[in-house]
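So the structure is just underneath, and the comments pick up after that.
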Amino acid sequence: MEIVGNVIIAVGLAFMLFGVIGIFRFKSFYPRILVASQSDTIGALTLIVGIAVRHGPGFFSWKLLLLVIIILILNPLIAHVLARSAYLSGHDVDTIEEKPDDR
């Protein structure tokens, strides 16, 4: 079970790494918050599941299950609140175009 747990943890870390790359790749606020919330949710869930698999059944795993439920509810909700507040405060929806170098 330890090997399976390590593989699941590695998958979670890969999701988080791709999320960091996606945050730097996009130029506007809204795609960045979308990528950040999705990669954070999936990465954290797979990390927690991997830890639970490595640890085995028990009280600690039930605590981790409760944490998974909290993350599933709160992460999308927080991302929505951030995006909505940015939109309502007048943040531009258009993407920022890169300007060519004037050399």
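Here, each number is a calculation from the coordinates, and none is a lab measurement. Everything quoted here is computed from the prediction, not taken from an experiment. Positions of Cβ are backbone-derived with ideal geometry, glycine not excepted, and every protein chain shown enters the neighbour counts.
What the table below lists for this structure:
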{"read-out": "Under 14 Å, Cβ to Cβ, from residue 23 - net charge with Lys/Arg +1 and Asp/Glu -1", "value": "+2"}
{"read-out": "Cα-derived Rg to Rh of the chain, Kirkwood definition", "value": "1.14"}
{"read-out": "Mean ellipticity per residue at 222 nm, deg cm²/dmol - from DSSP H runs of n ≥ 4 across the chain, formula -39500 (n - 2.57)", "value": "-28000 deg cm²/dmol"}
{"read-out": "For the chain, size of Cβ-based charge dipole, Lys and Arg +1, Asp and Glu -1, in debye", "value": "320"}
{"read-out": "Over region 2-88, relative contact order from alpha-carbon pairs under 8 Å, at least 6 apart, %", "value": "36"}
{"read-out": "Lys/Arg +1, Asp/Glu -1 at C-beta; the chain dipole; positive extreme among 66, 43, 86", "value": "66"}
{"read-out": "Gaussian network model of the chain, springs between alpha carbon atoms under 10 Å - residue of 43, 58, 12 with greatest fluctuation", "value": "58"}
{"read-out": "Net charge, residue 51 excluded, C-beta distance under 12 Å - Lys, Arg +1, Asp, Glu -1", "value": "+1"}
